[in-house]
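The values are calculated or read from the model by the stated rules, or taken from the named source; none is laboratory data. These numbers were taken from a predicted model, which means no experiment stands behind them. Neighbour counts are summed over all protein chains in view; Cβ atoms, including those assigned to glycine, are modelled from backbone coordinates with ideal geometry. What goes into the accessible areas is simple: the full protein's heavy atoms, side chains included, and nothing from ligands, DNA or RNA. Shrake-Rupley method; radii C 1.70, N 1.55, O 1.52, S 1.80 Å.
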Amino acid sequence: CESKMLTKASVDNAYATLQSKKAEFASLPPKQKAELLTACLDRFDHSVLEQFAADACEYRGIVRDTPVGKVNYDLEQIILVSMVSKYMKALREQMTCLDKTGSFKPPPSTAKMGNRTTCRVFPLNAGDSRQKPNLTCDVWLQPGKPASQGAEYRKFVKEGGNVCLVLGASNMAFLGWIDMLYMAFVDSKVCLIKWPPTHDYISKVFEHVMQPMIERGYTAHGCCDMDVAIHMSSHKTLDSIHMTGGQTTYDAIRKSFHKEFTCELGAVSPYIVCPGDEWTDEQVEAHADHLAWGIHMNQSAICFSPKLLIVSKNWAKKDLFIESTKKFLANSLAYPCWFPGMEARQKAFLKQYPNAEVRSAKSVPAFFNYDEEKRPKLDWIFINDVPNKTGEYALVTEPFAPMLSILEIDDSSVPDFLNQAADLCANKLPGNLAATVIVHSATQEKNSDAVEKILADLEYGTVSLNSNIVNSYVASGTWGGFPGNTPENPQSGIGFVHNSFMFDFPEKTVARCPFIDPTCQNSLSKPGKLPPARELVQVLLNPTGMNIAKMICATIGWPKVAAVGTLALGAVSFGIFKLARAFLG
């Protein structure tokens, strides 16, 4: 563990400090909370970010001094800063609005849909529209509930604060940080974060950036062994827990902790591809490439990673779509599978499905440091023709490994397919975190009622139409399981995080984009080029014209900038010359 190791004594001290500070933090005026966020944002530093990226590449077995290593080195920094700084800015905006007006900032627009209200949360500004011009995200509120905001914030301020243990997710480094920010600024809690051993190296950049809160006693963090973790999660002075992880961990903690316990757990995430006669082969390839990108992301160790592909048995393009998806994954680079237990989960599936299809991805030893025990190279496993029956292993087991299960529905029409798919998700799949639906624009136009019905019927915390769930995740919506989960049956979790608009009664976030839209549908086979991390990070933190110009120059290179500038200067000079001649006759 690279972060500071917590002992039982240091945990006791941390909780004592947090208890002594919880009322102070909860009662801080919103202006001071906004100032705290600004002080933290100002501390993002290239040196700690670059060390974080180097540590991440080393842990994941990626050789830095290679084309793949350089991309991932930049990507680690960009993802961390984009996710954390964007959320901090959104929370700061809420605190500033509360300070100036006495109310939280409302969404830019709301609409009525039957007996429910929907709230637009993307796009919010011109930057959003430039980045993804055709994407919209709306938070659907629970039926009959108002678009009220900030009840949790006011509750814990009134109650004198709360001490929360945040158990950071093992699969993505920034998640624990985001969860802590939610607990602190949406719920007015002081927090102790336990970093997982897979991402404890994030503690260095966290310590540096969050120093203004750490030094005031509002936040503590560290890594620990299992014995200390048990002591930490059952501590008598602890008021609440939030965790991102698996239900086994959740159930173990519940045995000794009986207070407020929110969580985000996993699911067998469905990816529903609606049949239609209008699909061209090129469109099939494009969407198969996008699906493969989503499965390949983080070696499939993501809670919303597509795990069950649902297609029509009678769709003429079915075989092409499935084969194209497999082809893109088989042609991709075989990143080391660093997440613990992936190989064991694959073996468990192969035991259940001995005839599963296995395809190898491209192994490039020069790019990666494989390790048979810690970072093995694993094949892609495809479970074809999964039986559509209750209790089927592939339908009730989240693999969290490089795998995809495929189920074919015997339907008679588009509405019938969509109804059967929704019924399958509701009654045979565990979890209710995120679902994706892909529908051709012409099919949607002919079956608009059926498409709107499945978006409403899918009881998931996030539903995305025509693109991977990641587009919903990075917007300013909500994240968590569908409301109604209980401690005895938590499904994909209890409570929401993110929720930068602080809605009191969210039900789910619904994202939509056109059937074909390269700005929303990332490609595994043709990844886009990123600007250099240093310059892009500066734009993310402070999007001034100067920083944007520096990023452009760093991306295309100074010689090209000079050439463009010379041409532009020549054009201006020629124009002035022509005007002068016209004026002088």
>> I want to make sure I understand the PRE zone here: with the label point 7 angstrom from the Cα of R154 toward its beta carbon, which residues in the range 30-62 have backbone N atoms less than 16 Å away?
In response: 30
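For a test of the definition: using alpha carbon positions, the gyration tensor, and the 1.5 limit on a/c, classify the chain as rounded, prolate or oblate. The partial results should precede the final answer.
On the way: a/c = 1.29, a/b = 1.02, b/c = 1.27.
Here the chain falls in the rounded category.
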> For the range 484-523, what class follows from the C-alpha gyration tensor (a ≥ b ≥ c being the square roots of its eigenvalues): rounded when a/c is under 1.5, otherwise prolate if a/b is larger than b/c, else oblate?
Replying inline: prolate
> If each of D371 and H258 carries a label point 7 Å out from its Cα toward its Cβ, how far apart are those two points in nm?
Replying inline: 4.2 nm
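Given the rule -39500 (n - 2.57) for each run of at least 4 DSSP H residues, summed and divided by the residues of the chain, what is its mean residue ellipticity at 222 nm, to the nearest 500 deg cm²/dmol? Present the calculation step by step, with values, prior to reporting the outcome.
Numbers: 22 runs with 260 residues, N = 585.
The helix contribution divided over the chain gives -13500 deg cm²/dmol.
Restricting to Cα pairs below 8 Å that are 6+ residues apart, what does the relative contact order work out to for the chain? Please round to a whole percent. Please list the in-between numbers first.
On the way: 1109 pairs, mean separation 102.8, N = 585.
Normalised by residue count, the contact order of the chain is 18 percent.
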> In nm, to one decimal, how far is the modelled label at T101 from the one at K236, with both set 7 Å along Cα→Cβ?
Replying inline: 4.7 nm
>> I want the local charge near V273. Using Cβ-Cβ distances under 10 Å, sum +1 for each Lys or Arg and -1 for each Asp or Glu among the other residues.
In response: +2
> What is the distance in Å between the Cα centres of the range 478-515 and the range 332-364?
Replying inline: 31 Å
> Where does each of 174-183, 519-528 land if you order them by average Cβ count within 10 Å, highest first?
Replying inline: 174-183, 519-528
>> For a quick check: with amide H placed at 1.01 Å from N, whose amide H comes under 5 Å from K189's, ignoring anything fewer than 5 positions away on the same chain?
In response: A184
>> With the cut-off at 1.5 for a/c, could you classify the range 300-430 from its C-alpha gyration tensor as rounded, prolate or oblate?
In response: prolate
>> Given the options H287, A422, M5, identify the residue whose Cα lies farthest towards the positive end of the charge dipole of the chain (+1 on Cβ of Lys, Arg; -1 on Cβ of Asp, Glu).
In response: M5
> Tell me, what is the percent relative contact order of the range 243-323, built from C-alpha pairs under 8 Å that lie six or more residues apart?
Replying inline: 37 percent
> Expressed as a whole number of Å, what is the distance separating the alpha-carbon centroids of the range 131-183 and the range 245-315?
Replying inline: 21 Å
> In terms of Cα to Cα distance under 21 Å, which lysines are near enough to K377, apart from those fewer than 8 places away along the same chain?
Replying inline: K70, K307, K326, K327, K347, K351, K362
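By the scheme Lys and Arg +1, Asp and Glu -1, what is the net charge of all other residues having a beta-carbon under 14 Å from that of D225?
Values: positive: K4, K8, K194; negative: D200, D227.
Here the charged neighbours net out to +1.
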> In the neighborhood of E282, defined by Cβ-to-Cβ distances under 14 Å, what is the net charge if each Lys or Arg adds +1 and each Asp or Glu adds -1?
Replying inline: -2
>> Below 17 Å, Cα to Cα, which lysines can K112 reach? Residues fewer than 8 away in the same chain don't count.
In response: K145, K453, K508
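With a 10 Å radius around each residue's Cβ, average the other Cβ atoms per peptide and rank 307-315, 426-434, 440-448, highest first. Can you show the working numbers first?
Details: 307-315: 22.1, 426-434: 20.3, 440-448: 16.4.
Result, highest mean Cβ count within 10 Å first: 307-315, 426-434, 440-448.
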>> Along the Cα→Cβ direction, 7 angstrom out, place labels at I214 and D277. What is the inter-label distance in nm?
In response: 6.4 nm
> Can you give the accessible area per residue of the chain, in Å², using a 1.4 Å probe?
Replying inline: 42 Å²
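Rank by packing, highest mean first: peptides 82-95, 378-391, with packing defined as the count of other Cβ atoms within 10 Å averaged across residues. Display every interim value, and only then the final one.
Numbers: 82-95: 20.2, 378-391: 16.1.
By packing density, highest mean first, the sequence is 82-95, 378-391.
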> Can you list residues whose amide H is under 5 Å from S312's amide H, if they're 5+ apart or on another chain and H is modeled 1.01 Å from N?
Replying inline: I409
> Straight-line reach from K259: which lysines have a Cα under 19 Å away, not including same-chain ones fewer than 8 places off?
Replying inline: K22, K155, K158, K189, K194, K236
> Ordered by residue, what ³J(HN,Hα) values in Hz, to whole numbers, does the range 431-436 give under the Karplus form 6.51 cos²θ - 1.76 cosθ + 1.60, where θ = phi - 60° and Gly and Pro are x?
Replying inline: x, 8, 8, 8, 9, 10
>> Leaving out ligands, DNA and RNA, and with a 1.4 Å probe, what % of the accessible surface on the chain is carbon or sulfur?
In response: 55 percent
>> For a quick check: with amide H placed at 1.01 Å from N, whose amide H comes under 5 Å from V364's, ignoring anything fewer than 5 positions away on the same chain?
In response: A334
> Each residue of the range 162-179 in order: what ³J(HN,Hα) in whole Hz does its phi give by Karplus 6.51 cos²θ - 1.76 cosθ + 1.60, θ = phi - 60°, with x for Gly and Pro?
Replying inline: 6, 9, 10, 8, 9, 9, x, 5, 8, 9, 10, 4, 6, 4, x, 5, 4, 4
